[in-house]
1. Would you mind giving the three semi-axes, in whole Å and largest first, of the ellipsoid equivalent to the stretch 216-314 according to its Cα gyration tensor?
2. Only bridges whose two residues both fall in the chain count here: according to DSSP, what percent of them are antiparallel, nearest 5?
3. Would you compute the Debye intensity of the stretch 103-151 from its alpha-carbon atoms alone, equal scatterers and no solvent, and pass along log10 I(q)/I(0) at q = 0.15, 0.31 Å⁻¹ to two decimals?
4. Determine the principal axes of the Cα atoms in the stretch 167-282, then give the extent along each, sorted from largest to smallest and rounded to whole angstroms.
5. Kyte-Doolittle mean at least -0.5 and Cα extent at least 24 Å along the axis: which DSSP H helices of the chain qualify?
6. Determine, from the Cβ-Cβ distance of D157 and V122 and an R0 of 22 Å, the FRET efficiency 1/(1 + (r/R0)^6), rounded to the nearest 0.05.
7. Across the Cα atoms of the stretch 1-100, what radius of gyration and what greatest pairwise Cα-Cα distance (Dmax) are found, in Å?
8. For a 27 Å ceiling on Cα separation, which of these pairs sit above it: K94/K140; K94/K151; K44/K94?
Amino acid sequence: MSGTPAVAAVDWGTTRLRAWLLDHAGEPLGERRGDDGLITAREKGFADVLERHLAALGAPSTLPVVICGMAGSRQGWVEASYVDTPAPITAILKGAVRVAGPSRDIRIVPGLAQRTAALPDVMRGEETQLAGAGLPAAGKHLVCMPGTHSKWVEVEDGAVAGFGTWPTGELYSVLASHSILRHSLGENPVPVAADSQFFRDWCVSALNEGGDVTSKLFAIRAAGLLHDLQQGDAAACLSGLLIGGEIASARRRYRHANAPVVLIASGSLGRLYAAAFGLAGIPVNEVDADRAVRSGLLEAARQNQMIVAEGKAS
């Protein structure tokens, strides 16, 4: 590792953990990834898991740590209570909760809650990606963050006005493993490529039908029986159908004008969503999800005065 770390940044999910040592510009000096998410950490101890990763990174014992994600849930290390929408993004970051006990300064960023009766919703972790996405301070922006539970967020003049969740990734997993479609996709569905014609065709179908996907799900099974649809192509059909359905549904809810949607994603999932937006005729501004969460965590550290000057941490 070269350079001087300013803060350790941790994205702590339900099943996975990602940790970085960041310099004052937010560039990673070291990285760790592991299956030490909420479920594992509850058994092994959050402090022990964190310190093991920090030791592997060579982090100084006084280096502050800022965390987002499920470590701040009710079942996590310390509950960081939700901030209610509408909420300025900077106010969310400033609400980071300090973990009592450890000698080093450890803060956990709170999640967001939308408490409307018609559309109650919550998020943890994605608010930090928003903070690091580089959104302009003024104007209205619609943000899509794909994942197990995809989030669509309306941001207005630097504040989260509202958001919605589409559990697209979870639906894919459940249907692929626990429905009749498991026979069509196989025991271990192959990764879907964004240029797959099956992905594209079924995505367009969902877009054209306004997001109605349930009426076409069984057609994937039938296509295997009647037209010899192969397992990899069946996976592409299901992925295209669900992602296209999500975009069609979100477009209907938010009625976003012709301005680009901010797509915060990375890897193969980002490529699938970028392709789907293209098929929908919706322009996107792409932001790398890993870089966004690192930038957001760094900003949270600054907002909480955990980094007081270059080369010196409180």
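1. In descending order the semi-axes read 40, 18, 10 Å.
2. 65 percent
3. Rounded to two decimals, the profile gives -0.55, -1.24.
4. Cα spread of the stretch 167-282 along its principal axes, largest to smallest: 42, 28, 23 Å.
5. Correct list, ordered by number: 231-254.
6. Once rounded, the FRET efficiency stands at 0.45.
7. Just the Cα atoms of the stretch 1-100 yield Rg and Dmax of 13.8, 41 Å.
8. K44/K94
Values quoted throughout were computed directly from the atomic coordinates according to the rules given, and no laboratory measurement underlies them. Note that the coordinates shown come from a computational prediction; the quantities given were computed from them, not determined experimentally. We place every Cβ from the backbone using ideal geometry, glycine too, and count neighbours over all the protein chains shown.
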